[in-house]
Structure formats: structure tokens, C-alpha cells
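Inspection log for the structure reproduced underneath, given as C-alpha cells.
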């Protein structure tokens, strides 16, 4: 018997965001989920992407695939960050249009906004000022993705949507010692320090910048919510073509470090290396537009950090080391 369920392609299903979307779809929707590993489909290769879409009957796409990383990775690999993210967005969005995909959701990032944007940041702040230099190449690629979706919608009548999440964390995150984002990077550092009995942990920057964090499962629920909105409702609520998605809360890096220290059982002191870059001083999203459509986050930061830490331990992402020998 022919399977008539909607066929949904989750691009980047092994990443933190893509895996969360796939979990949410399995739990809440009667659909057929289509996935491909990077070895099976290189989204930077236009011919491979075109052949994939031409050979499938895809109804919806969640475009969560991306080259991502923290401040260090963005600074060290700017060429890869802009080239690969531009290629992914261009190839997937164009192939989706050519092959009659009914809906697509492009996942961007809050780094699209000017470094000194008025807080909290509304969607209309896009392109009103200079970007944060440390991640401008990545941000420009994400801005291009928004413009691609908007342009295809305007010229071809497609239903391509966009969500701009704040800083994310949760199961499936990257715990690389150099290339991770702030929460997994701090979880690793404080976990290792606790295991070694270290007296102090040094955190990059002054500790003063304010950040907003959203659990990835909350983002996944927002993505499903946005895709379920009628076209007219979506376009009326998002006149700029995309929605901010955040937690409506913010915390200083210093306070975050203290919370992570408690989560990992670290009892030493916390120092701050002001010679390292802080990045954007403050970045909180105004999420009133998506809230007006009925979506709200559910996972508080402390609860989310505990869940993330347990997940990292259970999946062997954080090793337990022997205490360091006494000096």
C-alpha cells in the first residue's frame, strides 16, 4: 500500500537543531521523515542536491544544516563559514523551488542583527547597522538565506519561511574544546575542572556581556508551530518574512558560569580573561511577534542546563578524568 503521509526532509538531522526537529516530528506528527548523512549527500554540492530533490517527493523541508561554531571557530575559519553556509542555503532553497516543495523553513541565527542594535532586538533591525566582526561572515550567509526565501516567495509564490533563534543549547551540542559555543564549552571546562579538583576556571572575556539562551527542544516546538500556521497568518504576523525565536530571558556570562559551576559540581573560583573577546555586549531578541501567534518557550535555563549535562554524560561526550597530581 502506498504511503500517503507527508514526506519531510530534515537537512542536518545529526546536528543539535536538526535532531531536535526530527524528535519533535516523530513525537507529534504522522509523517515520513527523510534524512541523509553528509557522506550520502553533500549539501555544498549543487549537482548532488539537485539529484536528491529530483529523485524524491518532498513536501516540506526543515533547513537546519549549517557550518556552526563559537567565537574562536568563526574567527579562525571565516572563509569556510561564509562559503559553506551560502552554498547550503543556495543549493537547498533553489532545488526545493525547482522540485515543487510545498513548504520550507530556513533556520538562521540572531547574529544577523547589528552589533549595537537597540535592545530587545526586533525583526525590523535587520540591516540597520554594522555586524559583530567576529561572526560577520556567518551572519551574512544567514542574511542571504532570508533574502533567498523572501525573493523566491515574491517571484515564484513559494511558501518558504524563516526562524531566527537566539543562542541555543541542549542535547546533541558540540563539545569540542576550541570550536564549541559558550554553554557546551563552559560545561566541558567546568566538568574537567571538577574532575581534576582544579582550584580555578578561567572564562573568556570580562563576564559582563548579556546573553539569551534557548533550549533546542523549545526551538523545535517553535519550528513545528511556525510551519503549521496558515500562510495568511504567517505573512501577517511576520511582515519582514521571518520570526525571532527566543526565551524572553537573559543572563550575564558571569552568572551563566556560576550556574554551570553548580551544575557540574565545581567548587573552585571563577576568573575572567579580559584579553579575550567579549563579542556583542548584549543580544536579546524581541519575540513578541511569534508570541502573538501563540508560541511560548517552556524550558527554564537551570532545568535546561541540568538536562543538557545529564545528556552529555550519558552519551559519553564529557569524559571523567583522574584528578591532577598535586604540584
For the stretch 143-189, enumerate the residues that are under 30 Å from residue 276 (Cα atoms) and in a helix (DSSP H, G or I). 143, 144, 182, 183, 184, 185, 186, 187, 188, 189
Checked the stretch 65-86 for anything under 23 Å from residue 105 (Cα atoms) and not in a helix (DSSP H, G or I); matches are 65, 66, 67, 68, 69
Name the residues in the stretch 15-39 that are free of Cβ contacts under 8 Å to residues at least 60 places away in the same chain and under 20 Å from residue 86 (Cα atoms), would you? 18, 36, 37, 38, 39
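Filter the stretch 141-153 down to the residues that are over 18 Å from residue 100 (Cβ atoms) and without any contact (Cβ under 8 Å) to a residue 40 or more places away in the chain, then identify the one that is surrounded by the fewest Cβ atoms within 10 Å (Cβ to Cβ).
Checked the stretch 141-153; the qualifying residue surrounded by the fewest Cβ atoms within 10 Å (Cβ to Cβ) is 147.
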Single residue of 262, 284 found to be surrounded by fewer than 18 Cβ atoms within 10 Å (Cβ to Cβ) and at negative phi: 262
Single condition residue 74 does not satisfy, out of (1) crowded, with 22+ Cβ neighbours inside 10 Å; (2) over 17 Å from the mean Cα position of the chain (by Cα); (3) at pLDDT below 95: (2)
Are any residues in the stretch 118-140 touching a residue at least 60 places away in the same chain (Cβ under 8 Å) and not in a helix (DSSP H, G or I), and if so, which ones? 119, 120, 121, 122, 126, 132
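Keeping to the stretch 41-58, report how many residues are out of contact with any helix residue (DSSP H, G or I) (no Cβ under 6 Å at 6 or more places or on another chain), crowded, with 17+ Cβ neighbours inside 10 Å and either in a loop (DSSP other than H, G, I, E, B) or modelled with pLDDT under 95 (or both).
1
The values are calculated or read from the model by the stated rules, or taken from the named source; none is laboratory data. In this text, all values refer to a predicted model and were calculated from it rather than measured experimentally. Please note: Cβ atoms are built from the backbone with ideal geometry, for glycine as well, and neighbour counts cover all protein chains shown.
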